[in-house]
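Q: The structure under discussion is supplied below as structure tokens; questions concerning it will follow.
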Amino acid sequence: MTNALRFFCLALFLAAPGLALAEPAAFDLAGPRLDVRVTDAGVTLPIAEVPSLAPGEVLSIRADLPPDQSARYLLVAAFLRGATNPPPKSWFSQSRTWDPKDRAGLRLIVPVGAQQVLVFLAPETGGDFSTLVDAVRGRPGAFVRAAQDLDQATLDRSRLDAYLNAIRAIDQADPGRLKTASPVLARSLAIKLNAACLEKTPALQAPCLMQGQDALVLDDGRSASLAQALTSGSPASLVQDLSATPQAGFGYYSAYIASVMDIVRLLGSVHTARYQYIPALVTARGDQLSLLLNAPPSFHDPMSVLVVGLPAVEPAKPPPLHAVDAQAAYCAEKPDLVLPVEGAPLVFSTGYAHDMVLRLKAKDGASVDLPVSADAEKGGFVADTAGLGAAEFADAFDGSLQGRWGFAPYSGPVFHLRSSAAQAWTLAGDDAAPLIAGHVGDVRLQAPGAPCVESIALKPASGDPAPVDWSLAGPDKILVKAPLKAAGPGEAVLLIRSYGRAAADTVPLRVYATPGHLDGFTLHAGDLTGVLKGGGLDQVKALSLAGASFAPDPAGPGDAGDGLALTTSDAAAAAKLKPGQTATAKVTLQDGRSLDLAVTVGAPRPRVALIAKNVQPAGPPGRIHIADPDALPSGARLTFSIHAEAPAAFSGDEKIEVATVHGAFSTVLTAADGLTLEDSEVAVARLDPAKALGASAAGPLRFRIIDGGVAGDWLPLATLVRLPDLGGIDCAAGPGQPCSLTGSNLFLIDALSADPAFDRPVQVPEGFTGETLAVPHPRAGRLYMKLRDDPAAVALVEVAAKKPTAASARQ
């Protein structure tokens, strides 16, 4: 845009009277009323139901003035035919409202060629009628544009009034409803909604929503105002600049404000010393037009002439009404059925759409009409379905809006309807998530009658039914929020009630226990047993991996820890699992559910074989001799050798782990400490149990090789036994007399006997803390002992009985 053009547009904008220097005065002064009716082909409609006029129609106009009206008004009707084509004088008619002969008003036939109609109410003066005629004929363009903008501003004002009246009514009845109702109202009436108002407390929402009233009206697609002229094409940037100025309302621009600005500017341009023209907006109810003024009329020069616009003379333009969701389906039996529509706000703010019905097609082909009414707060047409017989219709059928738009027949959008009937509900195809006790579960159900659902209740396995939250998820789907916080595992039932039906549809559900979490399944190539890690593993029934079926193995490896050992008996299937192979395992739970788990087969575990072992006592031979070759006294040292099997050679980085079978005590031997390679295939390990495992370690020992972080199978190594420290034995005279054995750590003895068969043993109590034991009389200086660390083995104890003392002899 050039600077010259920008300056010209700015000057034009600021030069318009009352346009930019201040916001136009509100149309809040009540003026007189007009009674207007229109007749077409013998049918008469009130003006509130007539969106446009047509040539040949009869227009009846009468001023409804109070009986004590003191100022005499001349009622003048003028037909216009274009901005550059002055209308003939015969297109002007007058009625002296004070004259009893003219009390009936004007009865006019819309002439061919007419495009607009203006009505003037002018104070009586000499030559008033001719003055008005000359003014209109002299500046037809100004009045044509004024007629257009008066019509548009009146329609915009109807939307604003409908919105404000609804907000006030809701605020008085139930302020809490504003948060949900006002967005629907704004959509229906094409009103600017300040969403920030809905975040305020309910008491402050209504005043906030009604702030800047004249700026709330959005363009409904019909406006031809100054705002459109300025914002179209290259001058758009100018308006963006102007809208940020105080004179232009800080951006609060609307089609309504623009139309009012146009009217003021245009009628101000024909101001004369005798007359000034004041625009009047109207609110239509039936055949009555109530005039609203934005300035008080003057009865002194220049006297005020009230200018009223009537609907344009043009072909009927059906409203661009369409369904909010063309794919949605609705229940024909639902009381006060709402059919949401948008795109034509005048349907909600005027009576232009009248005698509206929802036309249905019955099974026998007959049409059934349900009366409907537009409701802006509900966002559509509300149908009265009382008395509708569901048996007359198919399970699914269509209905269309039919009625009149003024005098013209109107056919509106089509809606998909459903009848209430018993439904065979199925789980929607995308709903595979199980219901878990203690949680809120989503259940997606599918049936043709989904739109007819009235309420849903959940009956758990134990307890009474309780309502649940639900919503339509499509023309034939519902989403149910099943609260299972207090429900336990078992069977539950959804009770689905539909409009018009006493019996409820039932949908059985299965509520499951909270499933365990699966962290992973460790399986090495060549193994028949793997370890499943996670929580709630007691629920696992089986695992299937690449054709191999695994089941829980109570006798599985002791190193499963908090995992679950799973073993397969199908060695052929297990052999097909190769190192690095990735597959999805299906874990089946005890209740029938299955969970997927990604598994990668690990490398084969290393294997070694035990060649030989040797026990070296810590000192000279003691008095206790253990015949078991696998026994390893805790004070002794163990040397053992192993042979590499898989891989076939040692690398030198291997480790040997030695541990008790319950895993409480363990140690690791490495090349730096206790492990020596004889060659690439044989290694020799040395173990000092007392030093490596501690004084409390005892029982069977096992070992395994660890190569690259992968551990081989456990192999038996030895039985670690702790020995008591025995002192002397004091026996009474005679072989059958008792003896006393002294020593320390006697609690390590399980039993003592004079014979290897332990026919008459002496049992040592658990936790024995004494230093003297009553023992059988030795035979040939020998006793037999079972140690607590290895009760199955029998040890020989060499004892030397002291000679009986006098005291012992007396005993």
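Q: Show me the ranking of peptides 681-691, 39-49, 571-581 by mean Cβ neighbours inside 10 Å, starting with the highest.
A: 681-691, 39-49, 571-581
Q: Quote to one decimal, in nm, the extra length available between residue 481 and residue 737 on full extension: 0.36 nm per residue of separation minus the C-alpha distance between them.
A: Length difference between fully extended and current span is 83.7 nm.
Q: Moving on. How much length would be gained if the chain were fully extended between residue 414 and residue 645, taking 0.36 nm per residue of separation minus their Cα-Cα distance, in nm to one decimal?
A: Working it through step by step, the gained length comes to 75.1 nm.
Q: A further question on this structure: Could you calculate, for the range 645-694, the ratio of the Cα radius of gyration to the Kirkwood radius, expressed as Rg to Rh? Walk me through the numbers before you get to the answer.
A: Numbers: Rg = 12.0 Å, Rh = 11.8 Å.
That ratio is 1.02, to two decimals.
Q: Which residues' amide hydrogens lie under 5 Å from the amide hydrogen of residue 775, considering only partners 5 or more residues apart or on another chain, with H built in the peptide plane?
A: Correct list: 739, 740, 741.
Q: Something else: At a 1.4 Å probe, what is the % contribution of carbon and sulfur to the accessible area of the range 525-624? Numbers along the way, then the final one.
A: On the way: 2890 of 5170 Å².
Using a 1.4 Å probe with all protein chains present, the range 525-624 comes out at 56 percent carbon and sulfur.
Q: If you don't mind, another one. Taking residue 459 as the anchor, which lysines have their alpha carbon closer than 23 Å to its alpha carbon, excluding any fewer than eight residues away along the same chain?
A: 477, 481, 485
Q: Order these peptides, 472-478, 324-330, by their mean beta-carbon neighbour count within 10 angstrom, highest first.
A: 472-478, 324-330
Q: Identify the trypsin sites (Lys or Arg not before Pro) of the range 328-398 meeting these criteria: DSSP loop state and at most 13 other C-beta atoms within 10 Å of the C-beta.
A: Taking the range 328-398 and a limit of 13 other Cβ atoms within 10 Å, the loop trypsin sites (Lys or Arg not before Pro) found are 363.
Q: Send over a whole-number figure in Å² for the accessible area per residue of the range 588-671, probe 1.4 Å.
A: Result: 51 Å² of accessible area for each residue.
Q: What residues have an amide H closer than 5 Å to that of residue 216, excluding those fewer than 5 places away on the same chain, when H is modeled at 1.01 Å from N in the peptide plane?
A: Under 5 Å from the amide H of residue 216: no residue qualifies.
Q: Short version: ³J(HN,Hα) in whole Hz for each residue of the range 205-210, in order, from phi by Karplus 6.51 cos²θ - 1.76 cosθ + 1.60 (θ = phi - 60°), x for Gly and Pro, what are they?
A: Values, residue by residue: 5, 4, x, 5, 5, 9 Hz.
Q: Can you work out ³J(HN,Hα) from phi for every residue in the range 58-72, in order, using Karplus 6.51 cos²θ - 1.76 cosθ + 1.60 and θ = phi - 60°, giving whole Hz and x for Gly and Pro?
A: 9, 10, 10, 10, 9, 7, 9, 9, x, x, 9, 4, 8, 7, 8
Q: Right, next: Does the range 326-379 classify as rounded, prolate or oblate by the C-alpha gyration tensor (a ≥ b ≥ c root eigenvalues; a/c under 1.5 gives rounded; else a/b over b/c gives prolate, otherwise oblate)?
A: prolate
Q: Would you work out if the range 671-748 is rounded, prolate or oblate? Take a ≥ b ≥ c from the square roots of the eigenvalues of the alpha-carbon gyration tensor; rounded if a/c is under 1.5, else prolate when a/b is larger than b/c, oblate otherwise. Working shown, then result.
A: Working: a/c = 3.59, a/b = 3.42, b/c = 1.05.
Taking the square roots of the gyration eigenvalues as a ≥ b ≥ c, the range 671-748 is prolate.
Q: What are the lysines whose alpha-carbon lies under 24 Å from the alpha-carbon of residue 192, with same-chain residues fewer than 8 places away excluded?
A: 179, 200, 378
Q: Give a residue-ordered list of calculated ³J(HN,Hα) values for the range 351-356 (Karplus: 6.51 cos²θ - 1.76 cosθ + 1.60, θ = phi - 60°; whole Hz; x for Gly, Pro).
A: Rounded to whole hertz, the list is x, 4, 8, 9, 6, 7.
Q: With a sphere of radius 15 Å drawn around the Cβ of residue 291, what net charge do the other residues whose Cβ falls strictly inside it have (Lys, Arg +1; Asp, Glu -1)?
A: -2
Q: For residue 89, which lysines qualify as cross-link partners when the Cα separation must be under 25 Å and same-chain residues fewer than eight apart are set aside?
A: Within reach: 101.
Q: Next question, about the same structure. So how far apart, in nm, are the two label points at residue 204 and residue 89 if each is 7 Å from Cα heading toward Cβ?
A: 6.5
The values are calculated or read from the model by the stated rules, or taken from the named source; none is laboratory data. Nothing here was measured: the structure is a model prediction, and the numbers come from that model. We place every Cβ from the backbone using ideal geometry, glycine too, and count neighbours over all the protein chains shown. Note: areas computed on protein heavy atoms with side chains; ligands, DNA, RNA excluded. Shrake-Rupley method; radii C 1.70, N 1.55, O 1.52, S 1.80 Å.
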